[in-house]
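Data first, discussion second: the structure below is written as structure tokens.
The values are calculated or read from the model by the stated rules, or taken from the named source; none is laboratory data. Not measured: the values here are computed from a predicted model. Reconstructed Cβ throughout: ideal geometry from the backbone, glycine too, with neighbour counts over all protein chains shown. All accessible areas refer to the heavy atoms of the entire protein, side chains included, with ligands and DNA or RNA removed. Shrake-Rupley method; radii C 1.70, N 1.55, O 1.52, S 1.80 Å.
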Amino acid sequence: MCGIRTGPLQTCAVSSDEDTTVLPLRGGASATLVRRRAAANDRGAILYVHGFADYFFQEHVAEHYTARGYDFYAVDLRGYGRSLRDGEVPNYTTDMAVYFEEIDAAIAKVREEHSRVVLMGHSTGGLTTSLWAHERRSSELIDALVLNSPWLDVVEPPFLRRVVKLVGRLAPKAKIRANLGDAYGAAIHNSRNGEWDFDLRWKPLAGFPVLAGWIRAVLIAQEKVQKGLDVRVPVLVLHSDKSMLNAREWSEDVSRADAVLDVEGMRRWGPKIGSSVKVVEIKAGMHDLFLSPEPVRAAALAEVDAFLETA
């Protein structure tokens, strides 16, 4: 795995069947594309886009799909994970559309070898990929869109949303929250109550500070979804059956619910993404459904498998 970069762009080998390639972007920025090849590829490729305070570490998901004949790719967006540079504000943007550049670059790289491409987004990545698929709807670049707990709404009332958007415009680096709290992080990391090992520099248990300009960008993006998008490929929206927001500390219940986002927003706005949207509830699912304890994560992956058979 490549470490945090402070020097030139690079490509580095990860293992015999996985490699990482830097995608140069405008203005000196860069993103990082990870690839794991299937032993026998006959189904095309999947490209995964992570959420906020996140990066791609879900190797079991890559293994699941390479075993089924897909080459699996994941992009760490600029300012995230493998793409984070010293001195950068982690995970920060004032416009979600800025990430279209690296999705474009990643898709172009994937399509050098594959004619069938499935785009998969988690949380904020689900919001961004939905908007990207809408903007690129006439280009026939992807064949299906899979959303794992996409962030399509917030629970705050309209007045507070307007205030936050104003602050985000006037003082974009103002801190709205110091962090996200560590209840969810404690539910997934193997140093606490979870199963998973990930780099705490890139994904701290409590996340990164929530800055006003970033949350304004999220709210503007969500408003576009809520007005209705025109994604023209089959879409699968997966979400938990319940939320447990504002948990102050880990409990067993945190490991059986979405402790980050309100699933009602996914139920309400998921169907607005396109003309062919399937919304599926995963009982006792965590925020990242693919990190849920077994047998829940197997159920989530099975729903994706079934969807891809017909998409």
* Asked: Within the set of pairs 6+ apart or on separate chains, which have a first residue in region 91-112 that is closer than 16 Å to Leu145 by Cα, a second that is outside any helix (DSSP H, G or I) and open to solvent by less than 30 Å² (accessible area, probe 1.4 Å), and C-beta atoms under 6 Å apart?
  -> Ala106/Leu33; Ala106/Leu47; Ala106/Val75; Val110/Ala45; Val110/Leu47; Val110/Tyr73; Val110/Val117
* So, in region 260-281, of the ones that are open to solvent by less than 20 Å² (accessible area, probe 1.4 Å) and small (Gly, Ala, Ser), which residue ends up nearest to Gly121 (Cα to Cα)? -> Gly270
* Mind checking whether some residue in region 226-242 is surrounded by 22 or more Cβ atoms within 10 Å (Cβ to Cβ) and more than 17 Å from the chain's Cα centre (by Cα)? -> yes
* Test: residue in region 60-78 that is of a type in the set (D, E, K, R), in contact with a Ser or Thr (Cβ under 7 Å, 6 or more places away or on another chain) and either farther than 25 Å from Gly213 by Cβ or open to solvent by 10 Å² or more (accessible area, probe 1.4 Å) (or both) -> yes
* How many of the residues making up region 77-111 are charged (D, E, K, R) and either touching a helix residue (DSSP H, G or I) at 6+ places or on another chain (Cβ under 7 Å) or closer than 22 Å to Ile176 by Cα (or both)? -> 4
* Structure fact -> Gln222 fails exactly one of (1) buried (at least 18 other Cβ atoms within 10 Å of the Cβ); (2) polar (S, T, N, Q); (3) in a loop (DSSP other than H, G, I, E, B), namely (3)
* Name the one entry in Arg177, Arg137, Arg169, Arg116 that is at pLDDT 95 or above, more than 30 Å from Ser276 (Cβ to Cβ), surrounded by fewer than 18 Cβ atoms within 10 Å (Cβ to Cβ) and not β-branched (Val, Ile, Thr). => Arg169
* Here are Ala247, Ala302, Ala284: which of them is without any contact (Cβ under 8 Å) to a residue 12 or more places away in the chain, among the hydrophobic types (A, V, I, L, M, F, W, C) and either open to solvent by 40 Å² or more (accessible area, probe 1.4 Å) or over 28 Å from Asp143 (Cα atoms) (or both)? -> Ala302
* Go through the residues of region 197-205 one by one and say whether even a single one is over 29 Å from Ala174 (Cα atoms) and among the charged types (D, E, K, R). => yes
